[in-house]
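Single-structure report; data block below.
Read the figures in this text as sums done on the coordinates, not as results from a lab. The model shown is predicted, which means the values in this text are computed figures rather than measured ones. Counting neighbours? That spans all protein chains shown, and the Cβs are built from the backbone with ideal geometry, glycine included.
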């Protein structure tokens, strides 16, 4: 008489447990991945249009609902824009620094990042940037670009466009980094400067100063910028770094002073 098989209870973890299941991407996600890759690699340029829906459906072998779901994914990432009812295909947009900076700002705010933390990051980056600009073999174009931006800032002061001037200052700091050619630091700096410009505008609204004192402060900032530009042009590296460290320290003492430095960054209203 044959004996019944005895069931053996395995102690090994089952590979089919829910936590270990491999998620199969939806077809729409695969389609979005394919189009996204072409955009990021430069195979599709800014302003190009994708083929009409019917052509894409045939090429990719997908249904219209699947293709449109893929479009919604890419639209949410600001990589395409779709004009409803248009006979032409979706328009392509390259990834933008502003979009990445905006989302990173939301992350910083959700983590409770303070204004003081923000300004400390600037102090860590910009002295290195000044050294790099001073060490460039030919920095004539750097000096020209920075001087041109200073002239723009002078115009804003004369026209009393204070809010625009605040953004212009953020752009000056961003230009310093951009001129080094370091794309990673350029992205990080845009994030920092957008948030700091927003904070400065908020401070000026909450704690306004009289017109004469404000003009004196703005003129002082421009004088400091011009000195920095001169030192960069003369390749006086140590003097330029020392000057800019002092400039940042004084600025931070004002904008991130007690009562302000402890505030949480506001990314929601920065854009």
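Before moving on, here are some points about what is shown:
- Cα-based Kirkwood hydrodynamic radius, the range 210-271, one decimal, Å: 13.7 Å
- Taking 0.36 nm per residue of separation and subtracting the Cα-Cα distance, full extension of the segment from residue 160 to residue 114 would add 13.6 nm.
- Between helix 27-40 and the chain there is an angle of about 40 degrees, using the helix long axis and the longest principal axis of the Cα atoms.
- Long-range Cα-Cα pairs in the range 112-271 (distance over 23 Å), rounded percent: 36 percent
- As a rough footprinting exposure proxy, the listed residues 171, 77, 58 were ranked by other beta carbons within 10 Å of their own, and the order from fewest upward is 58, 77, 171.
- Enclosing the Cα atoms of the chain in their convex hull gives a volume equal to 258 cubic angstrom per residue.
- For residue 245 and residue 183, the difference between the fully extended length at 0.36 nm per residue and the C-alpha to C-alpha distance is 20.1 nm.
- In this calculation the C-beta distance from residue 264 to residue 97 is compared with R0 = 22 Å, giving a FRET efficiency of 0.40.
- Ranked for footprinting exposure by Cβ neighbours inside 10 Å, fewest first, 57, 204 give 204, 57.
- Only Cα pairs under 8 Å and 6+ residues apart enter the sum, and on that basis the relative contact order of the chain stands at 23 percent.
- Modelled FRET efficiency - R0 25 Å, residue 227 with residue 204, Cβ distances, 0.05 increments: 0.55
- In the elastic network of the chain, a GNM with C-alpha springs shorter than 10 Å, the most mobile of 23, 167, 135 is 23.
- Computed lengthening from residue 53 to residue 135, 0.36 nm per intervening residue step minus Cα-Cα distance: 24.3 nm
- When each of 33, 194 is scored by the number of other beta-carbon atoms lying within 10 Å, the sequence from fewest to most is 33, 194.
- Computed from the Kirkwood radius of its Cα pairs, the Stokes-Einstein diffusion coefficient for the range 26-92 at 37 °C and 0.692 mPa s stands at 279 µm²/s.
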